[in-house]
Amino acid sequence: MEVVILPGEEQIAAVGADIIAQHVAARPAAVLGLATGSSPLRVYEQLGRRIAAGDLTLSGCSAVLLDEYLGLPTGHREAYRQVIEREFVERVDIDSTRVHGPDGSASDVVVACAEYEEQIRAAGGVDVQLLGIGGNGHIAFNEPGASLAGRTQARMLTEQTRRDNARFFGDDIDAVPRHCLTQGIGTIREARHLLLIALGSAKAEAVQQLVEGPVSALWPASALQLHPHVTVLLDDAAASRLELREHYLASAEHRLAGQRY
Ligand code: F6R
């Protein structure tokens, strides 16, 4: 796991976009794993700017989402497929029909989850998976207590996550769905490179557990310690509780020439 502490969101977005561009340069048909929420937004903007400037194209890529709410009416503004359409697809040159997410309107969620796993497998697996992290250590919608080897499945959101996400639903927690479909941690861990972004002090404890804590279902993101290729991009506030903070800063300062993320 490489921990990179950067001064602010713009620098984080630049490194995040560099990493995605590096994957696309190596494999123009790369499969991109997308996250929703606030953390990756600046990366999506950066990618859009690079494409507009002619420095990058995602035209050969496909993309898969981490998760989706269950039970929102089709086309609801906050359904993650809609959010990704606005925040990502409309900014870049990817073909919208090659962007897939779990089917939050499925009548049989078990079948929908199995089909989604098959879709990811058929695409050849995810080359680079963007991740945010919940204040309680969730990744995708794998809340504390989730299996660290789980596959795509229906899950219930915690009160805390629904409270955190109420900001997207007019601050009305009752409008936030109680259930979701989410890639499991076992599914996420099959992506070849995991790129996690955390911003702000509300993430500091979860980040400390992710990077330095014991691997535990209490902090699902800690399972990433078992993945061979993880890059964690943090601002100062999110990094503030790391015990080895000075070492991570020094490692970033003394990166080897040409060292790749
Ligand atoms: C979203 C997702 C969630 C978020 C997490 C952090 O697809 O899977 O795990 O990444 O809740 O959300 P933000 O970035 O809004 O703080």
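Summary of computed values
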quantity: Residue within the range 199-208 that is out of contact with any Asp or Glu (no Cβ under 8 Å at 6 or more places or on another chain), more than 16 Å from the ligand (Cβ to nearest atom), open to solvent by 10 Å² or more (accessible area, probe 1.4 Å) and farther than 25 Å from Ala21 by Cβ present; calculated: no
quantity: Hits in the range 1-25 (condition: without any contact (Cβ under 8 Å) to a residue 60 or more places away in the chain and over 22 Å from Gln119 (Cβ atoms)); calculated: Glu10, Gln11, Ala13, Ala14, Ala17, Ala21, Ala25
quantity: Residue identified as under 15 Å from Ile133 (Cβ atoms) and more than 15 Å from the ligand (Cβ to nearest atom) among Leu242, Leu194; calculated: Leu242
quantity: Test: Gly137 is open to solvent by less than 20 Å² (accessible area, probe 1.4 Å), assigned to a loop (DSSP other than H, G, I, E, B) and either among the acidic types (Asp, Glu) or away from the ligand (no atom under 14 Å from the Cβ) (or both); calculated: no
quantity: Hey, Arg189 within 16 Å of the ligand (Cβ to nearest atom), out of contact with any helix residue (DSSP H, G or I) (no Cβ under 8 Å at 6 or more places or on another chain) and either farther than 14 Å from Ala63 by Cα or modelled with pLDDT of 95 or more (or both) or not; calculated: no
quantity: Residue check, Ile12 within 13 Å of the ligand (Cβ to nearest atom), within 16 Å of the chain's Cα centre (by Cα) and modelled with pLDDT of 95 or more; calculated: yes
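The values are calculated or read from the model by the stated rules, or taken from the named source; none is laboratory data. Worth saying up front: this structure is predicted, and the values here are computed from it rather than measured. Neighbour counts are summed over all protein chains in view; Cβ atoms, including those assigned to glycine, are modelled from backbone coordinates with ideal geometry. When the accessible area is computed, the model is the full protein with side chains, heavy atoms only, and any ligands, DNA or RNA have been set aside. Shrake-Rupley method; radii C 1.70, N 1.55, O 1.52, S 1.80 Å.
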